[in-house]
Amino acid sequence: MAASLAFRGGNSGGSGHRRGVGPVTALGAHLRMIAAYAAAKEACQRALDLEARRRDANDPILATLNNNLGEVLRAQSDLSGARAHLERALAIRERALEPDHPDVATSLNNLGSVLYAQGDLSSARAHLERALAIQEQALEPDHPDVAKSLNNLGCVLQDQGDLSGARASHERALAIRERKLGPDHPDVATSLNNLGGVLQDQGDLSGARAHQERALAIREQALEPHHPDVATSLNNLGLVLQARGDLSGGRASHERALAIQERALGPDHPNVAISLNNLGALLRAQGDLVAAREHIGRALGIFEKRLGPDHSHTQIVRRNLEGLDARIGTPPSEGSGLNTFNNSGDFRGANVFQGALVHNLGQIIGTSTVFAADQEALESRLAALEEALGRVPEEHAGQGRELAEGARELLAQAADPKASPGLLKTLGQGVRRLAEGLAGVPGLLDSANALLDLIARLRKL
């Protein structure tokens, strides 16, 4: 199974400065809106250089200009550059303003968003929680800035595996935005998109689809047809459709998302890599391994270049490619369970499971200190899942194979004490989604959930 990557809809907090800072900054904001990031960067840098020569180093105007330049750099995926300017903006505001000033909260929110994009979830959460606390004290409880911080915090909580906390944050943000901005505002679509992602992770695929479809409808009406946010909704809707077993519908959504991202952002933007990875995962589920490898390989190249080798996205896609290479390099022998069906039309999942998951299983289980605590229970749950996979019907053979491979990958990673909790949660979510897509197969979802729950307990996730 190739792990997919959802788009989270983050929100910046704007400049956080209530006075005008001149036409150059206004021009930068306008250029950002039309995605002319290079020109926006030049405009914001020019404004910052000009004001820095004639103002004190702790002037809040310089914080605003550093903030604006940081936001442009973030839009260009220059996360290290964005972080440097946003840290500078925060430092100025903390020196020049009261510690609970709303502009301090704006800087905390924006910096937290960049930390989140860099994969530093703990630091991102600390910044966003502090921003939210300031805003709830200084602003009205349904102020749009409160909704922005709630939205961003919800994204972090989801990636940390706190789905109930994430859902509460996104639901509150959505309620504020619907009241203050109206039901068809793009920020409402952002909250719908993010809440839909949480619902999907919680197993509510019908609710997830409804939220993603509403988000897409709002964005298609309010934005240009090739706006990156439209691609975000298409990507996430594609993930829901794929989880529900609608591979053709999911493929159409991912292909359209990728075309928009490439046109709007260029061929080597990280968002393009997300779409490439997700389309590759779907192609793999359809059995088109050559095309899947081309897409996932390209995604990995982009992530390694733009995010670095240690970013969580890079690690996930690298493992997707390694798993795909292993599958391409070891084709099933004639008559094996990997492409055999029995006379009743049922997929011979037991054979597939053994071929895809239990390769070197005895060694993995027997030598892992993680599994030593409850090896008997693990073997029992694996046997139950193997039996359930034997009941997968022929028309869903591809999903059964993906589930078997996903369980194998999760098991192999869980056996490694050094594997990151974030990676294990991502792999587990993928297994759960595939099992939910096969919920009609007797015993399959229950056996998959039992295996996931045991791994979560053994790894203390």
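Computed from the coordinates by the stated procedures, all read-outs in this text should not be read as laboratory data. These numbers come from a predicted model, not from an experiment. FYI the Cβ positions are ideal-geometry reconstructions off the backbone, even for glycines, and counts take in every protein chain you see.
Assorted remarks:
- All-pairs Cα distance distribution in segment 62-149, expressed in whole percent, bin size 10 Å: 21, 51, 28, 1
- Shape analysis of segment 171-315 places it in the prolate category; the axes a ≥ b ≥ c from the Cα gyration tensor give an a/c of at least 1.5, with a/b above b/c.
- With θ taken as phi - 60° and the Karplus curve 6.51 cos²θ - 1.76 cosθ + 1.60 applied, the whole-hertz 3J(HN,Hα) list for segment 390-406 is x, 9, 5, x, 4, 5, 10, 4, x, 5, x, 5, 4, 5, 4, 5, x Hz, x standing for glycine and proline.
- Inter-probe distance in nm under a simple model that places probes 7 Å from Cα toward Cβ, at Gln375 and Asp446: 2.8
- In loop segments of segment 272-332 as defined by DSSP, there are no trypsin sites (Lys or Arg not before Pro) with at most 11 further C-beta atoms inside 10 Å of their C-beta.
- Per-selection Kirkwood Rh - segment 201-259 (Cα, Å, 1 d.p.): 11.3
- Calculated P(r) tail over 17 Å for segment 110-212, as whole % of Cα pairs: 50
- Square roots of five times the Cα gyration tensor eigenvalues for segment 412-461, Å: 22, 11, 7
- Label point distance in nm, Glu136-Ala38, each placed 7 Å from Cα along Cα→Cβ: 4.5
- Arg55 paired with Asp288, simple spin-label distance in nm, labels 7 Å along Cα-to-beta-carbon: 5.2
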